[in-house]
Amino acid sequence: MSDLFTTIVRSPVARKVGVPQPTRLRRFEPGMPLCEGPVLVAGDGRFADGIAAWLGGAGVPAVSTPPGEGDKVGAVVLDLSAATDPAELDQLRLLGAPAVKALKRNGRVVVVGTDPTTLTDVAAVTTQRALEGAVRSIGKELRGGATANLVLAQGDAHDGVRSAVEFLLSGRSAYVDGQVIRVDDSTSGDVDALRPLEGKVAVVTGAARGIGAEIARVLSRDGATVVAVDLPAAGDSLAAVANDVRGTALQLDVTADDAGGRIVEHATARHGGLDIVVHNAGITRDKLFVNMDDDRWRSVMEVNLRSVLRMNEAILGEGGLADGGRIVCVASIAGIAGNRGQTNYGASKAGVIGLVTALSRQVADRGITVNAVAPGFIETEMTARIPFATREIGRRMNSLQQGGHPKDVAETIAWFAQPGAAAVTGQVVRVCGQSLLGA
Ligand code: NAD
């Protein structure tokens, strides 16, 4: 989405006089290489050898020594999962700094550690926790569309590490920056890189426009059959999205008592089952807290939070979501940082994060994962309506110095939905370009 400001900033005159230009991000398109090579894979943790091996298998050359003078790397993966003493953090600097210096545009820094919550030794916990501060700081220093993220592994989480590292190296994570992703030791089989969701049936609420429509498109591109859900009033655009993705449309108010039951009924009757549910429908009704009225408070809570709790009861009941299924919620950085005029919205989106944490534990024995994305400033009709000055601040106040696209949110959701992401549950990944809000 473009506007007058963006047009001016990108104009030849602006370029000539040196107005800073946000880097065009390398976004995933089917068939493109996983990432630009070579990738430096270093560190003496338990995952480095496996990562180098599967990168080679994916056609991306992996090297084990920092680049020499004049050499460039597409990414650096540092495995510090074995570090148990703060002195070992020096590896991060010694191996990482020369590689970061030699990073190409849209490069990637991915650090792999051990989840400190699984450790008891004080020095080991201290060391692993320190990685978070280092990686988030690196993210804030990188330029040229490059990102830095941390994967924290429980035990021998080889499949989980592979899935998360692959996502973070790829163009699917173009607007994911400064994040910490935890993976457990669940195993998963090989995934078809081009159509990882082949044979799956996915439901997306709020799919008639904006982020929801893009989620429908990306899930369909990745092989899923999509049921697009939205209000009857959005019927025409809903039908257009459903046709576009060769799925079906279900006109439904998610706040209806029987919404969950109707979703299950539609998916099973029309498509033979239900594997993925994306709770994307959401509204804002902003007002300062002291002036917040009953209607604004209740409607936001109903659409963004209570409906999700209610629908999940039916979706997780007999004949609903298949074992090994996926639930993905859409939170917001307003649910993490809070936002002026948004007590209702902030509460609802923080509630979604609580829901994801609690529900993921409850359904783990069925192999079902529950995760959330928390978008930052995303270029949609909603954000286009924000007054000019506020919009510009929102758009630029992140490490990538630009707004994200609906596709960026959709790509993270599609990754959560992949069979290969079985080890990723109870997580909230911010798709915000490392926004300064709530950082
Ligand atoms: P949008 O307003 O463009 O789209 C929301 C869709 O949800 C609409 O099609 C609407 O008709 C539908 N919807 C609303 N109430 C419904 C109901 N009761 N039943 C069924 N459908 C309903 O919004 P968007 O920008 O695409 O946002 C999508 C999600 O992302 C929301 O949950 C929003 O809170 C979240 N989000 C957006 C941003 C952003 O920058 N745009 C940032 C953070 C979070």
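Read the figures in this text as sums done on the coordinates, not as results from a lab. Just so we're clear, the structure is a prediction, and the values are computed from it rather than from any experiment. Positions of Cβ are generated from backbone atoms using ideal geometry, with glycine treated the same way; all protein chains shown enter the neighbour counts.
Give segment 272-327 a look and list any residue that's of a type in the set (Phe, Trp, Tyr) and under 14 Å from Ala259 (Cβ atoms), or say none.
Residues satisfying the conditions do not exist here.
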Inset, instruction - Could you tell me whether any residue of segment 210-221 is more than 12 Å from the ligand (Cβ to nearest atom) and not in a helix (DSSP H, G or I)? - result: no
Legend entry - Enumerated helices (runs of 4 or more DSSP H) restricted to segment 77-190, each holding at least 2 residues that are surrounded by 17 or more Cβ atoms within 10 Å (Cβ to Cβ) and under 18 Å from the mean Cα position of the chain (by Cα): 122-141, 158-169
Legend entry - Qualifying residue in segment 61-72 (condition: part of a strand (DSSP E or B) and surrounded by 15 or more Cβ atoms within 10 Å (Cβ to Cβ)): yes
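Can you pull out every residue in segment 222-239 that is under 18 Å from Thr268 (Cβ atoms) and away from the ligand (no atom under 15 Å from the Cβ)? Outline the logic, then answer.
Taking segment 222-239 as the starting set, the residues that turn out to be under 18 Å from Thr268 (Cβ atoms) are 224-229.
Answer for segment 222-239, where residues must be under 18 Å from Thr268 (Cβ atoms) and away from the ligand (no atom under 15 Å from the Cβ): Ala224, Thr225.
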Inset, instruction - Could you check Ala228 against (1) in contact with a helix residue (DSSP H, G or I) (Cβ under 9 Å, 6 or more places away or on another chain); (2) not in a strand (DSSP E or B) and say which number it fails? - result: (2)
Inset, instruction - Would you be able to say whether some residue in segment 297-313 is more than 12 Å from the ligand (Cβ to nearest atom), more than 29 Å from Val201 (Cα to Cα) and surrounded by fewer than 17 Cβ atoms within 10 Å (Cβ to Cβ)? - result: yes
